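Student: The structure follows.
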Amino acid sequence: MPKPTSDLRIGVVLPGRESVVDRGDYPSHLGELAAKIEASGYDSIWAGESPLARSRMNPLLALTAAATTTERVGLGTAVLLPLRPPVHLAHELACLDRISGGRLIAGLGSGFSSPATQAEFAAYGVPFQERVGRMRETIEICRALWVAEGDPVSYEGTYHRLDDVALLPVPGRPGGPPVWMAHSGEKMLERTGRLYDGWMPTSTTAANYEKGWLRVREAAGTAGRPEGDVTAAVYLSVAVDDSREKAEQTLEAYFRAYYRLDLPTMRTTQGIFGGTAEQVAEWLGGYIEAGARHLVLRLPTADLQEPRYRAALERTAEELLPLLRSAA
């Protein structure tokens, strides 16, 4: 079981691909689903982005629906890609933060490197090899516009330039939503510790997570940031079932349907585990002991149908959350 920690937060990822596969009522009742997630005891709701490579719902629209039917949970992107012009993104995030009452977390990443992702960036007119630099500049511009609170902002970068741009509305949270980074590269770990508000990788093992988090903390300390200024989060896929064997079957089916890749290949890039609630809690406990304080859980299902997701959501809430909460 995880070691006790009073500040543990547990979030869940909204189904996104289901909107492509399931042509039924989903996602017209996303708001109702978000209310159910909040009532089930989760602390946050998340949505990811991939408009073309692994097509799914627009995360900001999905979270807007969630914002209108919830009051307590955080709302986060896991993650946004550097596809939008910076001013456009700053405006969208500011509006969503206002709608949600300051509950938004802006998770960003550069995308899963694959031919499909490269084609996705090309379709948006963004050179794939420039995506990391563009992402850095986008964050700088968003923050400058949010902090300015409607005053004109100028910016000169490699990829973007602003001349006296004033943006309204003001975000719900002073200075804008916190920015969490998904990257685990050495340079980005240092940058996250120095500049960003949270770290949310898909670490394949707790040991890898611990190494990365140590580097983030070292960079934060060198920058003079106080302890706790950077949130330690992690994005993991878990399946709760009657046995490891049944959970593994669910995971294999899910990742083949979602990414068209087998489970061993996916485990080289993402943290994935299935088993009984007790086994899953034990596995997650390794990340908690390594420093994670916000678990973002994706709930794989045997097929990409929304009713399956609801069943997984309920079972995870009933069986897994109490184990994690009791340890916390």
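The values are calculated or read from the model by the stated rules, or taken from the named source; none is laboratory data. If you're wondering where the values come from, they're calculated on a predicted model, not measured in any experiment. Counting neighbours? That spans all protein chains shown, and the Cβs are built from the backbone with ideal geometry, glycine included. The protein model used for the area step is the full one, side chains on, heavy atoms only, and it has no ligands, DNA or RNA in it. Shrake-Rupley method; radii C 1.70, N 1.55, O 1.52, S 1.80 Å.
Student: Does region 120-131 contain any residue that is of a type in the set (D, E, K, R) and surrounded by 17 or more Cβ atoms within 10 Å (Cβ to Cβ)?
Tutor: Among the residues of region 120-131, at least one is of a type in the set (D, E, K, R) and surrounded by 17 or more Cβ atoms within 10 Å (Cβ to Cβ), which makes the answer yes.
Student: Additional query: Looking at ASP7, is it in a loop (DSSP other than H, G, I, E, B), over 17 Å from TYR254 (Cα atoms) and in contact with a helix residue (DSSP H, G or I) (Cβ under 9 Å, 6 or more places away or on another chain)?
Tutor: The answer is no for ASP7.
Student: What helices (runs of 4 or more DSSP H) completely inside region 222-328 contain at least 2 residues that are in contact (Cβ under 8 Å) with a residue 12 or more places away in the chain?
Tutor: 244-259, 277-289, 306-315, 321-327
Student: Anything in region 33-68 that is open to solvent by 10 Å² or more (accessible area, probe 1.4 Å), touching a residue at least 40 places away in the same chain (Cβ under 8 Å) and either under 18 Å from LEU81 (Cα atoms) or among the β-branched types (Val, Ile, Thr) (or both)? List them, or say none.
Tutor: Scanning region 33-68 gives PRO51, LEU52, ALA53, ARG54, ARG56, MET57.
Student: Something else: Just to be sure I understand the filter: pairs with C-beta atoms under 9 Å, separated by 6 or more residues or on different chains, first member in region 98-118 and farther than 20 Å from MET200 by Cβ, second member β-branched (Val, Ile, Thr) and assigned to a loop (DSSP other than H, G, I, E, B). Which pairs pass?
Tutor: Final answer for the pair search is ARG98/VAL170; ILE99/THR68.
Student: Let me ask something additional. Return the residues of region 102-128 that are among the hydrophobic types (A, V, I, L, M, F, W, C) and more than 18 Å from the chain's Cα centre (by Cα); say none if nothing qualifies.
Tutor: ALA116, ALA119, PHE121, ALA122, ALA123, VAL126, PHE128
Student: Something else about it: Evaluate the following for SER203: is it touching an Asp or Glu at 6+ places or on another chain (Cβ under 9 Å), more than 22 Å from LEU14 (Cβ to Cβ) and either open to solvent by less than 20 Å² (accessible area, probe 1.4 Å) or not in a helix (DSSP H, G or I) (or both)?
Tutor: For SER203, the condition - touching an Asp or Glu at 6+ places or on another chain (Cβ under 9 Å), more than 22 Å from LEU14 (Cβ to Cβ) and either open to solvent by less than 20 Å² (accessible area, probe 1.4 Å) or not in a helix (DSSP H, G or I) (or both) - is not met.
Student: Can you find even one residue in region 152-171 that is in contact with a Phe, Trp or Tyr (Cβ under 7 Å, 6 or more places away or on another chain), free of Cβ contacts under 8 Å to residues at least 60 places away in the same chain and open to solvent by less than 60 Å² (accessible area, probe 1.4 Å)?
Tutor: Within region 152-171, none of the residues are in contact with a Phe, Trp or Tyr (Cβ under 7 Å, 6 or more places away or on another chain), free of Cβ contacts under 8 Å to residues at least 60 places away in the same chain and open to solvent by less than 60 Å² (accessible area, probe 1.4 Å).
Student: Just the residues that are charged (D, E, K, R) and either open to solvent by less than 40 Å² (accessible area, probe 1.4 Å) or at pLDDT 95 or above (or both), please, taken from region 292-309.
Tutor: Scanning region 292-309 gives ARG293, ARG298, GLU306.
Yes/no per residue for (1) within 23 Å of the chain's Cα centre (by Cα); (2) more than 16 Å from THR316 (Cβ to Cβ):
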residue: SER237; (1), (2): yes, no
residue: ASP241; (1), (2): no, no
residue: GLN249; (1), (2): no, yes
residue: TYR254; (1), (2): yes, no
residue: ASP262; (1), (2): yes, yes
residue: THR276; (1), (2): no, no
residue: VAL280; (1), (2): yes, no
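Student: Pick from ARG23, ARG9: which is open to solvent by 40 Å² or more (accessible area, probe 1.4 Å), of a type in the set (Lys, Arg) and either without any contact (Cβ under 8 Å) to a residue 24 or more places away in the chain or touching a Ser or Thr at 6+ places or on another chain (Cβ under 6 Å) (or both)?
Tutor: Going through ARG23, ARG9 in turn, the sole match is ARG23.
Student: Could you please give the count of residues in region 173-190 that are modelled with pLDDT of 95 or more, open to solvent by 40 Å² or more (accessible area, probe 1.4 Å) and either of a type in the set (A, V, I, L, M) or within 26 Å of LEU75 (Cβ to Cβ) (or both)?
Tutor: Looking only at that region, the number is 2.
Student: Taking the condition open to solvent by 10 Å² or more (accessible area, probe 1.4 Å) and among the β-branched types (Val, Ile, Thr), does THR316 pass?
Tutor: no
Student: For region 273-289, which positions are open to solvent by 10 Å² or more (accessible area, probe 1.4 Å) and either among the acidic types (Asp, Glu) or closer than 15 Å to THR205 by Cβ (or both)?
Tutor: Within region 273-289, PHE273, GLU278, GLU282, TRP283, GLY286, GLU289 meet the criteria.
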